[in-house]
Amino acid sequence: VQLQASGGGLVQTGGSLRLSCAALGSIFADNIMGWYRQTAETEREPVARMLGAGNGIYADSVKGRFTISRDSAKKMVYLAMNNLKPEDTAVYYCYYFARGTTYWGQGTQVTVSS
């Protein structure tokens, strides 16, 4: 499975971005897809994830501002980010987990200016 992430960019504080991630190849129905983020100063941290078509699970720092969604038919996962803050600046990585294996996308940079 290969993952291709897109949608990052530069935005002002309070702005919005939508990240997309496409899974290429066959995927299992019982899987988790989600997003992590990482900066030069921090380790990779979880942002949001979804198990199948279930509810999204979010880091406390993004609750109420970020929304994860999936299009299973297209094998896509999205992250809508609203009310962005400078502390959201990071490289965002999508991932797919199933049957004990995690696959990572290449990362997309999100920069929020103050």
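Step by step: first the residues of the range 41-53, then only those that are in contact with a strand residue (DSSP E or B) (Cβ under 9 Å, 6 or more places away or on another chain) and part of a loop (DSSP other than H, G, I, E, B), then the one that is least open to solvent (accessible area, probe 1.4 Å). Which residue is that? Only one residue tops the list, namely Gly52.
Within the range 54-75, restricting attention to residues that are in a strand (DSSP E or B) and either touching a Phe, Trp or Tyr at 6+ places or on another chain (Cβ under 9 Å) or under 16 Å from Gly8 (Cα atoms) (or both), the residue that is modelled with the lowest pLDDT is Asp71. Whether any residue in the range 9-29 is of a type in the set (Val, Ile, Thr), at pLDDT below 95 and surrounded by 12 or more Cβ atoms within 10 Å (Cβ to Cβ) is what I want to check. Looking through the range 9-29, at least one residue is of a type in the set (Val, Ile, Thr), at pLDDT below 95 and surrounded by 12 or more Cβ atoms within 10 Å (Cβ to Cβ).
Scanning the range 1-40 for residues that are in a loop (DSSP other than H, G, I, E, B) and without any contact (Cβ under 8 Å) to a residue 60 or more places away in the chain returns Gly25, Ser26, Ala29, Thr39, Ala40.
The values are calculated or read from the model by the stated rules, or taken from the named source; none is laboratory data. Remember, it's a predicted structure, so these values are computed and weren't measured experimentally. With ideal geometry, Cβ positions are generated from the backbone for all residues, glycine too; neighbour counts draw on all protein chains shown. Areas reflect the complete protein model, heavy atoms only, side chains present, ligands, DNA and RNA absent. Shrake-Rupley method; radii C 1.70, N 1.55, O 1.52, S 1.80 Å.
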